[in-house]
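The values are calculated or read from the model by the stated rules, or taken from the named source; none is laboratory data. Remember, it's a predicted structure, so these values are computed and weren't measured experimentally. With ideal geometry, Cβ positions are generated from the backbone for all residues, glycine too; neighbour counts draw on all protein chains shown.
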């Protein structure tokens, strides 16, 4: 990931007329990169992409009308906390992301039934 100064220099070189407008829209981000499995596959409460989420019993698998949504990612916020320099996320808890197949294939995410994000203050399995 480029540092802000590198991004700014690149924008000013390639898009000088639009650089200020684009930079005004920039927001802090945490880059998520998949890595090799670091724990036992049965371990719960870890961040992951795909597979089976550690959904707590009180959260039903979300549907788009009658079709199950696709599980995209599970993020343990305690794992992200050291990288959240602006402290915009809760320091603990879990986020789960789901989307419809159509949304994953390039259709709009505007439809409220086509995606879901769940938050729980305590990590899965606790």
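Taken together, the residues in the stretch 50-101 that are more than 20 Å from residue 121 (Cβ to Cβ), surrounded by 16 or more Cβ atoms within 10 Å (Cβ to Cβ) and modelled with pLDDT of 90 or more amount to 5.
For the stretch 115-124, the count of residues that are within 14 Å of the chain's Cα centre (by Cα) and modelled with pLDDT under 90 is at least one.
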